[in-house]
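Student: Before anything else, here's the structure in question.
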Amino acid sequence: MAWLVRNIAEIAKFPLRETRRFIHVAAKNHQLASESQDDDLPITLEENPFKKPRKICVLCKYNVEPNYKNTRLLSQFQSSYTGRIYGRHITGLCKAKQERVEREILKAQNCGLMAVYNKNPKWMHDPKLFDPDHPFRYHKY
């Protein structure tokens, strides 16, 4: 039995060495061939394809400057039932324009051009710049 095991080991040595050498040479040739090909390298992108387009506020988009004399525009940013000025998360304005609109609304109310608690009835059916029921950004209040 020991003779059979010894002979099998001797018989298996030679082809096993050749097989290992063959595999090693084949792997080396494959590596040299793949170095010359750059097909499998990752693509370099200049821009992120998943980047969302930047949101621009309505007043900046059309280059509109709020003025206390333009009460029809300012009434769009005020609640028609309570007179409350809508926040940035509802109107979608940038910070600078939102502050300017708030100042101009208060200025118009102090001058008596705009009502404090309600909207002018003839402007109730104007097209809306935004939907107060569906704000641009979620807010817990």
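Student: So which pairs qualify, if the first residue must be in region 43-60 and part of a loop (DSSP other than H, G, I, E, B), the second must be aliphatic (A, V, I, L, M), the Cβ gap must be under 8 Å, and the two must be at least 6 apart or on different chains?
Tutor: Pairs found: Cys57/Leu93.
Student: Still on this model: Could we say that Pro135 is in contact with a His (Cβ under 9 Å, 6 or more places away or on another chain) and surrounded by 13 or more Cβ atoms within 10 Å (Cβ to Cβ) here? Step through it out loud before you land on a result.
Tutor: Numbers: in contact with a His (Cβ under 9 Å, 6 or more places away or on another chain): yes; surrounded by 13 or more Cβ atoms within 10 Å (Cβ to Cβ): yes.
So Pro135 passes the test.
Student: Quick one: which residue in Lys61, Lys119, Lys97, Lys69 is under 21 Å from the mean Cα position of the chain (by Cα) and not aliphatic (A, V, I, L, M)?
Tutor: Values: Lys119 fails: under 21 Å from the mean Cα position of the chain (by Cα); Lys97 fails: under 21 Å from the mean Cα position of the chain (by Cα); Lys69 fails: under 21 Å from the mean Cα position of the chain (by Cα).
Testing whether each residue is under 21 Å from the mean Cα position of the chain (by Cα) and not aliphatic (A, V, I, L, M) leaves just Lys61.
Student: Then there is this: Going through region 103-132 one residue at a time, which ones are surrounded by 13 or more Cβ atoms within 10 Å (Cβ to Cβ) and without any contact (Cβ under 8 Å) to a residue 24 or more places away in the chain?
Tutor: Leu106, Gln109
Student: On the basis of being more than 12 Å from Gln76 (Cα to Cα), within 32 Å of the chain's Cα centre (by Cα), among the hydroxyl-bearing types (Ser, Thr, Tyr) and part of a loop (DSSP other than H, G, I, E, B), does Tyr138 make the cut? Talk me through it step by step, then tell me what you get.
Tutor: Values: more than 12 Å from Gln76 (Cα to Cα): yes; within 32 Å of the chain's Cα centre (by Cα): yes; among the hydroxyl-bearing types (Ser, Thr, Tyr): yes; part of a loop (DSSP other than H, G, I, E, B): yes.
Taking the combined requirement at face value, the residue satisfies it.
Here, each number is a calculation from the coordinates, and none is a lab measurement. Not measured: the values here are computed from a predicted model. Virtual Cβ from ideal backbone geometry, glycine too; neighbours counted across all protein chains shown.
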